[in-house]
Every structure is written in C-alpha cells, then in structure tokens.
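Undergrad: One structure follows; several queries about it will come next.
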Amino acid sequence: MLIQFFRKSYLLQYLLLLLLTIILWIEAIIHPQVNPVDAESFLTPGYSLLFSLLNDNYVLNVIIALALVISGALVFNYSLSKFDLVPKNTLVPAMVYIVLMSHSPSLLNLHSAALPALFTVLILYYLFQVYTEEEAYSQTYNIGLLIGISSLFYFPSIFFILFVWLTFIVYRLYFWREWMIPLTGIITPYIFLFTYYFLMGNLEPAYLAYADFFLKITLFNFSFEFSVIDYIITTLIIILFFWSGFRLLSDIQEKIISLRKRYWAVFWLFAVALLTYIFSDIFFNWHQVFFLIPISVFIAYAFSQVKQLRWIEIIWGILFLLIVINNLQLAF
C-alpha cells in the first residue's frame, strides 16, 4: 500500500513520509554510532573539519545525516516532478529515495558521502535545466562548484565531471565554453583551499597526499561483510532495479526527446558511479549512495507508471520491513 499511498502529494503524505523516515532511523537516533574513515585529512578537509566541529556529539551527527537524507529526498522528488520524469503531485520518488538511502546501518550516520549525495541530486537538477537553457553558463558553473565542494568531503566524487561531460554529449553541447566552465567551478574551492595550505605551510604535504591517492589507486580493494539479511535486501533492490530498467527501456521511445535525454543523463550517472565504485577503496561502503540515486530514479519511474501494483507492493513492503529489521541491529 505504500506505493499507492505516495502517488498523491498532500499534507498527510508528507507526515507519513516523515514517520517512515523516523522508523528507518529510530535505532540510529537512540543508539547513534559514528565510524569515521581513517583517511588522509588532506583528501577530505571538509569532512575532517565538520567532524571536528561536532566534537563527538553522536546524536547531532545522526540528526544532521537524517536532515541531509530528507533534504535530498525532497529535492530529488521536486526535480523529477518538475522535469516530468514522474507524474506531478507525487511523493513516490522521495519515498523510494529515503528507503534506499537508509537500507543499511552503515549509512545511518554522517559519513563522508552524505553531503556529496545531496549535492549529486542538485547536480542532476542543474543538468536537467541545462537542456532547456540556451546559455546555461550559471548552471554549468554551479555543477562544477558542487562537484568541487563534494570532493572536499569525499574526494572520489571529483570523477563525476566525467558524468557531466557524457551528459553534454547526450545534449549535443560541443562548444568548448560549456565543457570548461564546470572545470572552473571545480577549481574555485581548491583555489581557497591551497591558498590556506600555502599560508599554513602545508602545501607540500597536501600535494603529496593527492599525488599518493592517484598513484595508489587499487581496483576492487574492499571486502564485503554481508549478513543473510543484507544479501536478501541487496537482491531485492537489484531485482527492482532490473525490472524498472527494462520497463523504462520499453517506454523510452514513446517519450519526447527532452525526456529521453534526461533519462540518458541518469544512466550516465549510474555508469560513472558504478565505474568509480571499483576503486573506492576504504570508502566503498558509502560510495553506493551515488548509484542508489539513479536506481531511485528508475524505480520511482516504474512505481509511478505500473498499474497492477499487487506484487510490486508486496515486494516493496517486504523490502521495507527487512530494512527496518536490519537497521535495528544497531541496538545489539
């Protein structure tokens, strides 16, 4: 019944969406756990600064993380509705986004990819705008700036410039100006950062930290510690992803050109997120949020279009209950 209920967008749906989110996060709020990454601080200066400001306040840590997920869900829902990727006046995208972004206990804290995930949703919004703007210079600069700031919290997100350029190819934007402006946006925060490092005498160790990151990139340098319930949850998400992807592929030729191109932009986000996942190293547990965003787009589209909801409602309900049960393990 969740899908059918969130196909409308009234005050009651927003209140239930908040309640659903609290159910998913309740154990993290009551028993907050923080697992900071033991990463080079020069690579994640934004995250290191934020973590030091929180000063081991684990409750505030979780509340900020929860606020970022809710904000991301609302922006995500607005973007898909505004650009007609889903019907108007629906909260299905927000509901899907929140459930998937909360599907694992490891995501229920202020991890280094939490803020970049919100920024990635904003990047999608600006990219959707770019196609309809004749001279979208401000949007392309904002895209680059968001990537640059994201990389201060989670450095591998800097590779999402590839996703932006691939989308430009889909949009047939071949002028050098559109391709260079996002780079200017990326460079902007680094001008201030390296000026600070220069004044503090930390320019050389910062340079060595970034050089070391690129020199020591290792493919598939991670190990999964999945429980049985983790495997079931992951399997159900994959099943829903393939089902929704095939449904979108069967419908896409009937869409107008602007919609087809925006769906292709979402596909390239998924492809680049998946590609960069293989060398996410110690960040692999949190890198998944980036390909969960396009997966949420595909699933939200299918949920909004399908007429026979019975079996889909059952599968989604089972997935939701399993995620709630899995998240409760924080109590033990």
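Undergrad: Residues in region 311-329: is at least one at pLDDT 85 or above, under 18 Å from Tyr125 (Cα atoms) and of a type outside the set (Lys, Arg)? Break it down stepwise before answering.
TA: Within region 311-329, the subset at pLDDT 85 or above is 311-328.
Right, trim to under 18 Å from Tyr125 (Cα atoms) and you get none.
No, region 311-329 has no match at all.
Undergrad: Could you tell me which numbered condition Thr21 fails, if it satisfies all but one of (1) within 30 Å of Tyr263 (Cα to Cα); (2) among the hydroxyl-bearing types (Ser, Thr, Tyr); (3) touching a Ser or Thr at 6+ places or on another chain (Cβ under 9 Å); (4) free of Cβ contacts under 8 Å to residues at least 12 places away in the same chain?
TA: (4)
Undergrad: Would you check which residues across region 75-100 are within 17 Å of Leu2 (Cα to Cα) and in a helix (DSSP H, G or I) and list them? Walk me through how you get there before you give the answer.
TA: In the first step, residues of region 75-100 are kept if they are within 17 Å of Leu2 (Cα to Cα); the result is 77, 86-87, 89-100.
If the condition is that a residue be within 17 Å of Leu2 (Cα to Cα) and in a helix (DSSP H, G or I), then Asn77, Val92, Pro93, Ala94, Met95, Val96, Tyr97, Ile98, Val99, Leu100 are the ones that fit.
Undergrad: Name every residue in region 152-182 that is among the aromatic types (Phe, Trp, Tyr), at pLDDT 90 or above and over 19 Å from the mean Cα position of the chain (by Cα), in order of residue number.
TA: Once the filter is applied, which keeps residues that are among the aromatic types (Phe, Trp, Tyr), at pLDDT 90 or above and over 19 Å from the mean Cα position of the chain (by Cα), region 152-182 yields only Phe168.
Undergrad: Return the residues of region 100-143 that are farther than 22 Å from Ile233 by Cβ, surrounded by fewer than 19 Cβ atoms within 10 Å (Cβ to Cβ) and among the small types (Gly, Ala, Ser); say none if nothing qualifies.
TA: Scanning region 100-143 gives a single hit, Ser138.
Undergrad: It is to be established whether one or more residues within region 284-304 are among the hydrophobic types (A, V, I, L, M, F, W, C), touching a Lys or Arg at 6+ places or on another chain (Cβ under 7 Å) and either buried (at least 21 other Cβ atoms within 10 Å of the Cβ) or at pLDDT below 95 (or both).
TA: So the first thing to find is which residues in region 284-304 are among the hydrophobic types (A, V, I, L, M, F, W, C), and the list is 284, 286, 289-293, 295, 297-300, 302-303.
Of the ones still in play, those that are also touching a Lys or Arg at 6+ places or on another chain (Cβ under 7 Å) are 302.
Retained after the next criterion (residues that are either buried (at least 21 other Cβ atoms within 10 Å of the Cβ) or at pLDDT below 95 (or both)): 302.
Yes; the residues of region 284-304 include at least one that is among the hydrophobic types (A, V, I, L, M, F, W, C), touching a Lys or Arg at 6+ places or on another chain (Cβ under 7 Å) and either buried (at least 21 other Cβ atoms within 10 Å of the Cβ) or at pLDDT below 95 (or both).
Undergrad: With in contact (Cβ under 8 Å) with a residue 12 or more places away in the chain, touching a helix residue (DSSP H, G or I) at 6+ places or on another chain (Cβ under 9 Å), under 30 Å from Ile252 (Cα atoms) and not basic (Lys, Arg) as the only criterion, which of Asn61, Asn77 stands out?
TA: On the way: Asn61 fails: under 30 Å from Ile252 (Cα atoms).
Within the list Asn61, Asn77, the selection yields Asn77.
Undergrad: Out of Val99, Val86, report the one residue that is aliphatic (A, V, I, L, M) and closer than 22 Å to Phe128 by Cα. Reasoning before the result, please.
TA: Details: Val99 fails: closer than 22 Å to Phe128 by Cα.
Of the residues listed, the single one that is aliphatic (A, V, I, L, M) and closer than 22 Å to Phe128 by Cα is Val86.
Undergrad: Go through region 170-193 and give me each residue that's among the hydrophobic types (A, V, I, L, M, F, W, C) and either closer than 25 Å to Leu115 by Cα or touching a helix residue (DSSP H, G or I) at 6+ places or on another chain (Cβ under 9 Å) (or both).
TA: So in region 170-193, the residues among the hydrophobic types (A, V, I, L, M, F, W, C) come out as 170, 173, 175-176, 179-181, 183, 186-187, 191-193.
Hits for region 170-193 are Val170, Leu173, Trp179, Met180, Ile181, Leu183, Ile186, Ile187, Ile191, Phe192, Leu193.
Undergrad: Does Phe320 satisfy the condition of being surrounded by fewer than 23 Cβ atoms within 10 Å (Cβ to Cβ) and assigned to a helix (DSSP H, G or I)? Show your work before the answer.
TA: Numbers: surrounded by fewer than 23 Cβ atoms within 10 Å (Cβ to Cβ): yes; assigned to a helix (DSSP H, G or I): yes.
So Phe320 passes the test.
Undergrad: Please specify each residue of region 33-53 satisfying the condition of being modelled with pLDDT of 80 or more and surrounded by 12 or more Cβ atoms within 10 Å (Cβ to Cβ). Write out each step before concluding.
TA: Applying the first criterion (modelled with pLDDT of 80 or more) to region 33-53 yields 42-53.
Listed by number, the residues that qualify are Phe42, Leu43, Thr44, Pro45, Gly46, Tyr47, Ser48, Leu49, Leu50, Phe51.
Undergrad: Shifting gears a bit: Working only within region 130-161, note down all residues that are part of a helix (DSSP H, G or I) and small (Gly, Ala, Ser).
TA: As a first pass, look at region 130-161 and keep what is part of a helix (DSSP H, G or I): 130, 137-153, 155-161.
Selection gives Ser138, Gly144, Gly148, Ser150, Ser151, Ser157.
Undergrad: Taking Asp281, is it at pLDDT 85 or above and either buried (at least 20 other Cβ atoms within 10 Å of the Cβ) or not small (Gly, Ala, Ser) (or both)? Break it down stepwise before answering.
TA: Values: at pLDDT 85 or above: no; either buried (at least 20 other Cβ atoms within 10 Å of the Cβ) or not small (Gly, Ala, Ser) (or both): yes.
No.
The values are calculated or read from the model by the stated rules, or taken from the named source; none is laboratory data. This one's a predicted model, so the numbers in the text were calculated from it and none came from an experiment. As a convention, Cβ positions derive from the backbone with ideal geometry for all residues, glycine included, and neighbour counts pool all protein chains shown.
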